[in-house]
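The values are calculated or read from the model by the stated rules, or taken from the named source; none is laboratory data. The model shown is predicted, which means the values in this text are computed figures rather than measured ones. All Cβ positions, glycine included, derive from the backbone under ideal geometry; neighbour counts span all protein chains shown. The accessibility values were calculated without ligands, DNA or RNA, using every heavy atom of the protein model including side chains. Shrake-Rupley method; radii C 1.70, N 1.55, O 1.52, S 1.80 Å.
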Amino acid sequence: MSGRCPTDGLLDDAREVQGDLVRLRRTLHARPEVGLDLPHTQEAVLRALDGLGLEITTGRRLSSVTAVLRGARPGPTVLLRGDMDALPVTERTGLDFAAGNGAMHACGHDLHTAMLAGAARLLSHHRGRLAGDVVLMFQPGEEGHDGAHHMLEEGILDASGTRPVAAYALHVTASGRPSGRFSARGGPTMAAVDNLTVTVRGAGGHGAMPHSAKDPVPAACEMVVAMQTRVTRAFDVFDPVVVTTGSFHAGTQNNIIPDTAVFETTVRTFSPEARERAGRVLAEVCHGVAAAHGIEAEVRWQPLYPVTVNDPAAVDTVARTVSELFGEDGYETLRRPMTGSEDFSRIVDEIPGAMVFLGATAPGADPATAPDNHSPLADFDESVLGPGAALYAALAAGHLHDTTTGGPGPSGGAGPRTRRS
C-alpha cells in the first residue's frame, strides 16, 4: 500500500508479544551474567530469535550475538544495539524471579535485550515493507568491559555488507523520569570515563612511632581531597569534570603503618579537551602531594569510554518517531547531559546515531525517590517492554521504509543461519 506510514501496525504487534517479552526478561533476570562471557544469556537470545529467518553470527572472543535482518528490497543498513550483561551486585528486590547468584540486572540490560529481541520479531513480521537491512547488536560487557570495542574489532559495522547509516540504543532508568516516557538530546549526552589508579609508596613502621616511618595513608587521603578542589579550579564549570574515588585500600592492622596505600578513581568529562587535560592535572596533584610528604606516587591513567555524542538529526528522528507512536507526551528533551558513561559511544563515534532513555520506574514508586540503576533495590516497570521494542523497530523501519510495497512480509523463515565464529 503506497504511502503507508512505517510505524503502522508496530505498536499493535508489540502489544501482542508483550507477554513473551516479559517471560524472556524474567528468564534473563533470574540468571544474570557479568562481563564478556555470557553463555546462558547468549543461548536465551538465540532461542528468542529462532525461526525469524535472520543471519546470525556469534562472537569469537565474547558471547555476542549479531543478527542481520534482510528487507524485501535492497537499501541502507540500520544498527540497533541492546546490551546484555549484569552487574556484580547482590539483589535485594525480593522479586519472585530475583537473582540468587551474587549478580544482578541492576541496570536494566535484561529489559534492553528483551526489547531488541522483540524488535527482531516485529521487523521480521514487517520485512516486506523494508528496503534495506537491520543489524541487531546483542552486546556483552558494557559495564566496564568495553564490549562495543570488541564487537567493532570483530566487524559489527560490516555485518550486513553495508556500513550502517544510523545506529540507535535504548536505556531504561529505574528512577528520575515517568515510566514510559522517552528522552534524548543532541550533542554530548553521556560522559567520557577513565580510571585513575594511584599507588602511594612510603615506608612502614609501628603505629606508635609514625615519625620513624613514612606513612602513605594520610598522603593518599590528602590526594583524594586535593583532586576534588583542583578540578574546580582548573576546569570551566560549564565543561565539568567529575572525580569520584570509590576504592581505597591500605594496611592490615590498626597499629601497623603500611608501606603502600592504593586508591582508584573514576574521572568523567564531556569534551576531548577536558578529558586530555584531566589525566595530566590529576597526576600533577598526586605527585605534588607525594613530594610534600617525602614519599612517591605511581599514577596510572586508563582510558575507557569516550563521550557519547548524539547526532542531532538522529535525535530529531527519535522525537518524531516517538510522537507518531505514542503522542507528543511520549517524548521529552533531556535538559542536560548525564554523567554516566556508555561504550555505545564507540558506535556513534563511527556512524551517526542516538542513545535514547526510557523511563521504567516500577509501578507505585515515585520517580524522584525510587532506587536508581545499579542499586541492589533497583526495580523496573515491565510494561515498557512492548513500547521499547516498537520504538526500536520503528526507528529502523523509518530509515528503510519502502513505499512501493505494502502488507507485512513473512513472519519467519527456515530458522536462523547461525555461524559461531
Review point. Restricting to region 198-235, what's the tally of residues that are under 20 Å from Thr339 (Cα atoms) and either touching a strand residue (DSSP E or B) at 6+ places or on another chain (Cβ under 6 Å) or touching a residue at least 12 places away in the same chain (Cβ under 8 Å) (or both)?
Key: 7
Practice item. Take the residues in region 104-148 that are among the small types (Gly, Ala, Ser), open to solvent by less than 10 Å² (accessible area, probe 1.4 Å) and in a loop (DSSP other than H, G, I, E, B), then tell me which one is farthest from Thr41 (Cα to Cα). Key: Ala106
Study note, to complete from the structure: Only one of (1) outside any strand (DSSP E or B); (2) more than 27 Å from the chain's Cα centre (by Cα); (3) surrounded by 18 or more Cβ atoms within 10 Å (Cβ to Cβ) does not apply to Val231, and that is (2)
Practice item. Answer with yes or no whether Val242 is more than 30 Å from Val348 (Cβ to Cβ) and at pLDDT 95 or above. Key: no
Check your understanding: In the set Ala44, Ala30, which member is farther than 22 Å from Pro387 by Cα and modelled with pLDDT of 95 or more?
Key -> Ala30
Check your understanding: Which of the residues belonging to region 251-267 are open to solvent by 60 Å² or more (accessible area, probe 1.4 Å) and either touching a residue at least 24 places away in the same chain (Cβ under 8 Å) or not hydroxyl-bearing (Ser, Thr, Tyr) (or both)?
Key -> Gln253, Asn254, Asn255, Ile256, Asp259, Glu264
Check your understanding: Among the residues of region 316-330, which ones are open to solvent by less than 30 Å² (accessible area, probe 1.4 Å) and touching a Ser or Thr at 6+ places or on another chain (Cβ under 8 Å)?
Key -> Ala319, Thr321, Leu325, Gly330
Review point. Is it the case that Arg15 is assigned to a helix (DSSP H, G or I), closer than 16 Å to Ala119 by Cβ and open to solvent by 50 Å² or more (accessible area, probe 1.4 Å)?
Key: yes
Review point. Are any of the residues in region 31-51 crowded, with 21+ Cβ neighbours inside 10 Å and either aromatic (Phe, Trp, Tyr) or within 21 Å of Gly132 (Cα to Cα) (or both)?
Key: yes
Practice item. Please state which one of Ala274, Ala283, Ala278 is in a helix (DSSP H, G or I), open to solvent by less than 30 Å² (accessible area, probe 1.4 Å), under 27 Å from Gly187 (Cβ atoms) and out of contact with any helix residue (DSSP H, G or I) (no Cβ under 9 Å at 6 or more places or on another chain). Key: Ala274
Revision key, fill the gap. Of Phe238, Phe248, the only residue that is in a strand (DSSP E or B), of a type in the set (A, V, I, L, M, F, W, C) and surrounded by fewer than 16 Cβ atoms within 10 Å (Cβ to Cβ) is Phe248
Review point. Looking at Asp316, Asp366, Asp349, which one is under 27 Å from Arg92 (Cα atoms) and at pLDDT 95 or above?
Key: Asp366
Practice item. All but one of (1) in contact (Cβ under 8 Å) with a residue 12 or more places away in the chain; (2) surrounded by fewer than 24 Cβ atoms within 10 Å (Cβ to Cβ); (3) small (Gly, Ala, Ser) hold for Gly94, so report the exception by its number. Key: (1)
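In region 156-174, what count of residues is obtained for those that are open to solvent by 30 Å² or more (accessible area, probe 1.4 Å) and part of a loop (DSSP other than H, G, I, E, B)?
Going residue by residue through region 156-174, those that are open to solvent by 30 Å² or more (accessible area, probe 1.4 Å) are 158-159, 161-163, 165.
Next, from what is left, pick out any that are part of a loop (DSSP other than H, G, I, E, B): 159, 161-163, 165.
Adding up the residues that qualify gives 5.
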Practice item. Determine which member of the set Glu264, Glu328, Glu332 is under 28 Å from the mean Cα position of the chain (by Cα) and at pLDDT below 95. Key: Glu328
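Residue-by-condition table, conditions (1) of a type in the set (Phe, Trp, Tyr); (2) touching a strand residue (DSSP E or B) at 6+ places or on another chain (Cβ under 7 Å); (3) open to solvent by less than 20 Å² (accessible area, probe 1.4 Å):
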residue	(1), (2), (3)
Ala360	no, yes, yes
Gly364	no, no, no
Pro371	no, no, no
Asp379	no, no, no
Ser383	no, no, no
Ala394	no, no, yes
Gly398	no, no, no
His401	no, no, no
Practice item. State whether one or more residues within region 175-191 are of a type outside the set (Ser, Thr, Tyr), in a strand (DSSP E or B) and farther than 25 Å from Arg335 by Cβ. Key: no
